[in-house]
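The values are calculated or read from the model by the stated rules, or taken from the named source; none is laboratory data. This one's a predicted model, so the numbers in the text were calculated from it and none came from an experiment. Cβ atoms come from the backbone with ideal geometry, glycine included; neighbour counts cover every protein chain shown.
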Amino acid sequence: MTMKILPAIDLQQGRCVRLTQGRLSGVKVYDGDPVDVAKVFAAAGAEMIHVVDLDGAFAGRESANRVIVKQIIETVQIPVEFGGGLRTLADIENLFELGVTQVVLGTLATESQETLIQLVKRFGSRICVGIDALDGAVMTRGWVKDANANAVEFACAVAALGVERVIFTDISRDGMLTGPNIEQTCEIARVGKVHVTAAGGISSLADIMRVRDAGESLVDSIIIGKGLYEGRFSLAEAIETAADNEDLALQTIQ
């Protein structure tokens, strides 16, 4: 199985940034126009780009970053996954009209089960749920509010409603470049019986290999941000590393 690599673009006031453990006080701004960054990712072989509107996530509503999201969609010919500040059905419909392929719901998924059910019925696999956890507890509203839910139990709950994919982030590792929480990532997939995208803490090609070789087939993709922006490795190297030995052997034969 090939592990899909999703490069991340986190937007704050129109700029590419990365947070440390989800704190606004830990923001680091990176040079480069977000649209140009998306073009570089696409040219390097990305199959999908993960875009987060941090202003929207913390404010709980649409922000000016939506203009940039539209520009990215119009510029690159690959799918865009989007999250941040999505709180209503109408807002999500607007994102799909804009051209977003998948949306990632965090706060809405924890606060309105009824709306989540409606969305899954209408849009199926285009609806993903972001599970951002601190010490196993789900956090919402820009990672600042405790949702009073356990990450594994919450994954089981949304999977039971028809959600096919969750994106799991261990907040304590996000932006820290200390490696992902593979154990809990795999537990969520195994117990919840749901596809999982791993996020948070990827610092090296070795980390990618550890996720790839963890032995849980439902953990099938990885979001990478700071490791790329800090030059720890290239996106092309990450994509190559994510391919398992069988895939590489087939490519060699072909």
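Descriptive notes on the structure:
- Test: residue in segment 113-120 that is within 30 Å of A43 (Cβ to Cβ) and β-branched (V, I, T): no
- Of all the criteria given as (1) surrounded by 14 or more Cβ atoms within 10 Å (Cβ to Cβ); (2) part of a helix (DSSP H, G or I), the one not satisfied by E97 is (1).
- Residue count for segment 105-131, restricted to those that are touching a Gly at 6+ places or on another chain (Cβ under 6 Å) and either part of a loop (DSSP other than H, G, I, E, B) or crowded, with 22+ Cβ neighbours inside 10 Å (or both): 2
- Hey, D135 under 16 Å from the mean Cα position of the chain (by Cα) and at pLDDT below 95 or not: no
- Selection within segment 202-219 - over 13 Å from Q184 (Cα atoms) and among the β-branched types (V, I, T): I202, I208
- Here G22, G60, G56 are screened, and the one residue that is surrounded by 14 or more Cβ atoms within 10 Å (Cβ to Cβ), modelled with pLDDT under 90 and within 15 Å of the chain's Cα centre (by Cα) is G22.
- Identity of the residue in segment 183-234, among the polar types (S, T, N, Q) and not in a loop (DSSP other than H, G, I, E, B), that ends up surrounded by the most Cβ atoms within 10 Å (Cβ to Cβ): T185
- For L248, the conditions (1) modelled with pLDDT under 95; (2) crowded, with 22+ Cβ neighbours inside 10 Å; (3) more than 25 Å from I9 (Cβ to Cβ) are fulfilled apart from (2).
- Given (1) touching a strand residue (DSSP E or B) at 6+ places or on another chain (Cβ under 7 Å); (2) of a type in the set (A, V, I, L, M, F, W, C); (3) in contact (Cβ under 8 Å) with a residue 40 or more places away in the chain, index of the condition V138 fails: (3)
- Enumeration of residues in segment 96-127 that are at pLDDT 95 or above and in contact with a Phe, Trp or Tyr (Cβ under 8 Å, 6 or more places away or on another chain): F96, V100, Q102, V103, V104, F123, R126
- Filter result for A149 (part of a strand (DSSP E or B) and small (G, A, S)): yes
- Pairs linking a residue in segment 153-176 that is within 13 Å of G106 (Cβ to Cβ) to a residue that is among the hydroxyl-bearing types (S, T, Y), with Cβ atoms under 6 Å and 6 or more positions apart or on different chains, are I167/T197; F168/T185.
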